[in-house]
Amino acid sequence: MFSFFKKKPPPPPVPDALTAPTATPAAPTPPATTTAAAAPTPAPASAAPAPGAVAGALDWLRKPFGAKTAAAPVPVAAPSVGSAEPATAVPALAHPATPPTTALATAPTATATAAERKGWLDRLKAGLRKTGSSIATVFTGTQIDDALYEELEEALLMADTGVKATQWLLTDLKRRVKDTKTTDPAAVKGLLADALTDLLQPLEKSLVIGQHTPTVIMVAGVNGAGKTTSIGKLTKHLAHEGASVLLAAADTFRAAAREQLGVWADRNLVDIVSQEGGDPAAVSFDAVTAGRARGKDVVLVDTAGRLPTQLHLMQELQKIKRVVTKADGTAPHEVLLVIDGNTGQNALAQVRAFDDALGLTGLVVTKLDGTAKGGVLAAIAQERPIPVYFIGVGEKLEDLETFNAREFAQALLA
Ligand SMILES: Nc1nc2c(ncn2[C@@H]2O[C@H](COP(=O)(O)OP(=O)(O)OP(=O)(O)O)[C@@H](O)[C@H]2O)c(=O)[nH]1
């Protein structure tokens, strides 16, 4: 399961964040706190499973992160789960607990069973039904004529595919129909699925964990897009795989956001650096520094929701990114934007704006359940082909999955 993790080099010496205020942009008051189950004692039955026992636990994520090699499993850090006692607040970095390392059992394939795969596909199809039904009805006639293409154009635009992607698809489809000498409208649907798959293909890419220790992932998005929920799902996934995760609650203003992230941290027995008030960049700096000191596999930085039009808040995000780089010259390794798939073309505008401000490396598209606007991924592929690492079709853990171009194209036309 963990063959994609590289053997960890010993963590480089890092300054204690509490004694290196010069590198921190603003002295945070009160100090950021880390809550964690820090004692590396054996986990009780009710706690997260021991690393060796998690084989298959994450089959819901069929393609978990970019597999590096099919080499033998390498030792990775055990999750910092030890005690099931309630987490107590301790000053950040005051007790840098180095988690024990342990070798995992032979890595199984990260492929889900056929039943699990079908279950996910069914959920994806159900989620996209509102988008797909209007497109699919175009192909119920008896002739391939201008009326069919006009109807298809309308349906694609209604699905928020956008003008450019719609035109591209229509041109490509007509060429495919001509090349294959297709005369049956029902067969045109299959050709459209092929055209869509080709268009969406550049978005299909895996998130790679393990090239850096820690892999620092910054997560941004507008309010309510699903950032914290997606981070929670990913945390659970990573923790169950045996990765050690540290969460940074860089939304220092909204107590509920910190609490929500804290719940995920408690549930998964992972560390969290959070702070009431103060500078989100300082919290992020402390978290990355702590992540390095403790040899964490992943640091996930949850930022506050903001609109791209709120320039000062966009500048704040840029500052967070800069300061994270001060804490670790190679970080952030990933800058993810979480978008609500239900917002259609607005989501595309968000991708453009956040990419211009931050240089995005990946997307998480949530709420594709029950949306009539699933075509927006085609628009993103056409205009800003940033990899879609995960898509969400519901609020449950298993409703977050990796993106597959063909599956998505087929679900969209189901
Ligand atoms: N239906 C559905 N709901 C989702 C999905 N992902 C997240 N949600 C819900 O969307 C709502 C907002 O999610 P959050 O994770 O709090 O969003 P956020 O981006 O962190 O919000 P802010 O911190 O306010 O910016 C919650 O009710 C989630 O349960 C999804 O894929 N499908």
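Rounded to the nearest 5, what is the percent of antiparallel bridges among the DSSP beta bridges in the range 208-403?
Taking every DSSP beta bridge within the range 208-403, about 10 percent pair in antiparallel fashion.
In nm, what is the difference between 0.36 nm times the number of residues separating D145 and L311 and their Cα-Cα distance?
Length gained between D145 and L311: 54.9 nm.
I need L207, L247 ordered by Cβ neighbour count within 10 Å, fewest first.
Sorted ascending by nearby Cβ count, the order is L207, L247.
Can you give the extra length, in nm with one decimal, that the chain gains between Q201 and D356 once fully stretched, where that is 0.36 nm per residue apart less the Cα-Cα distance?
53.6 nm
Within the range 114-202, count lysine pairs with alpha carbon atoms under 16 angstrom apart where the residues are 8 or more positions apart or belong to different chains.
The result is 5.
Remind me, what semi-axes does the range 114-202 give for its equivalent ellipsoid, largest first in whole Å, using sqrt of 5 times each Cα gyration tensor eigenvalue?
23, 15, 14
Above 28 Å lies some portion of the pair distances; for the range 208-403, what is it as a whole percent of all C-alpha pairs?
18
Local charge sum around A155 (other residues, Cβ-Cβ under 13 Å, Lys/Arg +1, Asp/Glu -1)?
Within the 13 Å Cβ shell, the charges total -2.
Obtain the nm distance between the two label points defined at D122 and T182 by a simple spin-label model: each point lies 7 Å from its Cα along the Cα-to-C-beta direction.
It works out to 2.8 nm between the two label points.
Evaluate the Debye formula for the range 256-351 with equal point scatterers sitting on the alpha carbons, no solvent, and hand back log10 of I(q)/I(0) at q = 0.11 Å⁻¹, in q order, two decimals.
Results for the range 256-351 at q = 0.11 Å⁻¹ read -0.37.
For the range 240-267 and the range 345-360, write down the distance between their C-alpha centroids in whole Å.
The distance from the Cα centre of the range 240-267 to that of the range 345-360 comes to 25 Å.
Every number in this text was worked out from the coordinates using simple rules, so none of it is lab data. What you see is a predicted model, and the numbers here were worked out from it, not measured in a lab. Positions of Cβ are backbone-derived with ideal geometry, glycine not excepted, and every protein chain shown enters the neighbour counts.
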